[in-house]
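Q: Below is the structure I would like to discuss, written out as structure tokens.
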Amino acid sequence: MSDLSRGDLTAVTVTGNQELAPNVRVISFPRHQPFRAGQTVSLALEPGGPQRIYSIASGEHEKEIRILYDVRHGGKVTPHMSRLSSGDTLFVSSPSGTFLGTPEPAWWIAAGTGVAPFASMFLSGMHQGKVLIHGGKHRQSFYFSGHFLSLMEGRYIRCCSRETGEGLWPGRVTAYLARPELILPEVKYYLCGSTEMVVETRDLLIRRGVPFARILAEIYF
Ligand SMILES: Cc1cc2nc3c(=O)[nH]c(=O)nc-3n(C[C@H](O)[C@H](O)[C@H](O)COP(=O)(O)OP(=O)(O)OC[C@H]3O[C@@H](n4cnc5c(N)ncnc54)[C@H](O)[C@@H]3O)c2cc1C
């Protein structure tokens, strides 16, 4: 319910709105302004209508912006956004945000659609020295896995809480991280997704000696 207005919106034409899994879609439109990997935009279905914030999931040099989103039953924006198709109009703010990817070594930790900014960082060429730990409920929840597997094999861990399958670690992200030998206090940790995952993971990292200043969080509230 992040109804945060961000000034002037630009009208863009939707180029695609594909379902990736039940109630999870990627909507795309031409890039209207430059952005940095990890930034967000506000989207609205009409000028003056409710605005919601979304992480950009495409690379900095791509001509298109893609947004990965959950369709929230009873929500004011996403159920309507899920019905848009190519040629329809969407209203987009300027990109903003400080959850920015860098070339430094880091662990990227995501839940669900919270993997979007890491897809943007990956597609912007920042995968070296990174570990990605992605939590999802189902086998289909590992959005953009084709990209991550291509260049991050062994450093891309898919934690699946409700199903098992080849290449999946059985359990939640916080269970995976619970092993003390895993945590390196000297790297940076980027956390993105639900409040629950971000808060639990942040507390776990702090208990394991990671300085607060090394933890960056983006919460999808
Ligand atoms: C920095 C940031 C980045 C984000 N990035 C993404 C992203 O990349 N992808 C993504 O999917 N989301 C992202 N979000 C979340 C996104 O901004 C929206 O909050 C989300 O899409 C829901 O919008 P909505 O209008 O569909 O639902 P809303 O209208 O906001 O409602 C959300 C839920 O609350 C329920 N609800 C609404 N009003 C009430 C009420 N009065 N009482 C009880 N329940 C109620 C609705 O039924 C619905 O299920 C991000 C949020 C932030 C802050």
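Q: Among Leu191, Leu182, Leu168, which is in contact (Cβ under 8 Å) with a residue 24 or more places away in the chain, among the aliphatic types (A, V, I, L, M) and over 18 Å from Leu68 (Cβ atoms)? Step through it out loud before you land on a result.
A: Numbers: Leu191 fails: over 18 Å from Leu68 (Cβ atoms); Leu182 fails: in contact (Cβ under 8 Å) with a residue 24 or more places away in the chain.
Being in contact (Cβ under 8 Å) with a residue 24 or more places away in the chain, among the aliphatic types (A, V, I, L, M) and over 18 Å from Leu68 (Cβ atoms) holds for just one of Leu191, Leu182, Leu168, which is Leu168.
Q: Suppose we filter the range 89-99 for residues that are of a type in the set (Val, Ile, Thr) and surrounded by fewer than 20 Cβ atoms within 10 Å (Cβ to Cβ); how many remain? Walk me through how you get there before you give the answer.
A: Quick first cut of the range 89-99, residues of a type in the set (Val, Ile, Thr) only: 89, 92, 98.
Remaining after also requiring surrounded by fewer than 20 Cβ atoms within 10 Å (Cβ to Cβ): 89, 98.
Number of matching residues: 2.
Q: Something else now. Kindly indicate the residue of the range 29-51 that is among the charged types (D, E, K, R) and farther than 19 Å from Tyr190 by Cβ and also surrounded by the fewest Cβ atoms within 10 Å (Cβ to Cβ) among those meeting that condition. If you could, list the steps in order and put the result at the bottom.
A: Just the residues of the range 29-51 that are among the charged types (D, E, K, R), to begin with: 31, 36, 46.
Narrowing the set further to residues that are farther than 19 Å from Tyr190 by Cβ leaves 31, 46.
Numbers: Arg31: 19, Glu46: 12.
In this case the residue turns out to be Glu46.
Q: Output the residues belonging to the range 75-98 that are part of a loop (DSSP other than H, G, I, E, B) and under 12 Å from Asn23 (Cβ atoms).
A: Looking only at the range 75-98, we keep the residues that are part of a loop (DSSP other than H, G, I, E, B), and these are 75-77, 82-88, 93-95, 97-98.
Of everything in the range 75-98, those that are part of a loop (DSSP other than H, G, I, E, B) and under 12 Å from Asn23 (Cβ atoms) turn out to be Gly75, Ser82.
Q: Hey, another quick one. Could you check, for the range 109-119, whether at least one of its residues is under 18 Å from Thr195 (Cβ atoms), polar (S, T, N, Q), within 16 Å of the ligand (Cβ to nearest atom) and part of a helix (DSSP H, G or I)?
A: yes
Okay, residues lined up against (1) touching a residue at least 24 places away in the same chain (Cβ under 8 Å); (2) crowded, with 17+ Cβ neighbours inside 10 Å; (3) over 13 Å from Val26 (Cα atoms); (4) not assigned by TED's automatic domain parsing to the domain that holds Ala175:
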| position | (1), (2), (3), (4) |
| --- | --- |
| Ile53 | yes, yes, yes, yes |
| Ala57 | yes, yes, no, yes |
| Leu68 | yes, yes, no, yes |
| Leu84 | yes, yes, no, yes |
| Gly87 | yes, no, yes, yes |
| Gly101 | yes, yes, yes, yes |
| Val115 | yes, yes, no, no |
| Ala119 | yes, yes, no, no |
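Q: Which of (1) within 26 Å of Pro22 (Cα to Cα); (2) surrounded by fewer than 22 Cβ atoms within 10 Å (Cβ to Cβ); (3) of a type outside the set (D, E, K, R) is the odd one out, the single condition Gly209 does not satisfy?
A: It is condition (1) that Gly209 fails.
Q: Tell me which of these Gln33 doesn't satisfy, since it passes every other one: (1) in contact with a strand residue (DSSP E or B) (Cβ under 8 Å, 6 or more places away or on another chain); (2) closer than 18 Å to Thr113 by Cβ.
A: The failed condition is (2).
Q: Turning to a different aspect of this structure: Are any of the residues in the range 31-51 in contact with a helix residue (DSSP H, G or I) (Cβ under 6 Å, 6 or more places away or on another chain), within 12 Å of the ligand (Cβ to nearest atom), closer than 17 Å to Phe221 by Cα and among the β-branched types (Val, Ile, Thr)? Write out each step before concluding.
A: First, pick out the residues of the range 31-51 that are in contact with a helix residue (DSSP H, G or I) (Cβ under 6 Å, 6 or more places away or on another chain): 37-38, 45.
After this cut, where a residue has to be within 12 Å of the ligand (Cβ to nearest atom) as well, the list is 38, 45.
Checking which are closer than 17 Å to Phe221 by Cα leaves us with 38.
Subset that is among the β-branched types (Val, Ile, Thr): none.
The answer is no; no qualifying residue exists.
Q: Evaluate the following for Lys63: is it over 23 Å from Ser145 (Cα atoms) and either modelled with pLDDT of 95 or more or near the ligand (Cβ under 8 Å from one of its atoms) (or both)?
A: Working: over 23 Å from Ser145 (Cα atoms): no; either modelled with pLDDT of 95 or more or near the ligand (Cβ under 8 Å from one of its atoms) (or both): yes.
Considered against the rule, which asks whether it is over 23 Å from Ser145 (Cα atoms) and either modelled with pLDDT of 95 or more or near the ligand (Cβ under 8 Å from one of its atoms) (or both), Lys63 comes out as no.
Q: For Gly74, state whether it is exposed (fewer than 14 other Cβ atoms within 10 Å of the Cβ) and within 8 Å of the ligand (Cβ to nearest atom). Show your work before the answer.
A: Working: exposed (fewer than 14 other Cβ atoms within 10 Å of the Cβ): yes; within 8 Å of the ligand (Cβ to nearest atom): yes.
Against the criterion (exposed (fewer than 14 other Cβ atoms within 10 Å of the Cβ) and within 8 Å of the ligand (Cβ to nearest atom)), Gly74 qualifies.
The values are calculated or read from the model by the stated rules, or taken from the named source; none is laboratory data. Every value quoted in this text rests on a predicted model; they were computed, and no experiment measured them. Neighbour counts run over all protein chains shown; Cβ positions are idealised from the backbone, glycine included.
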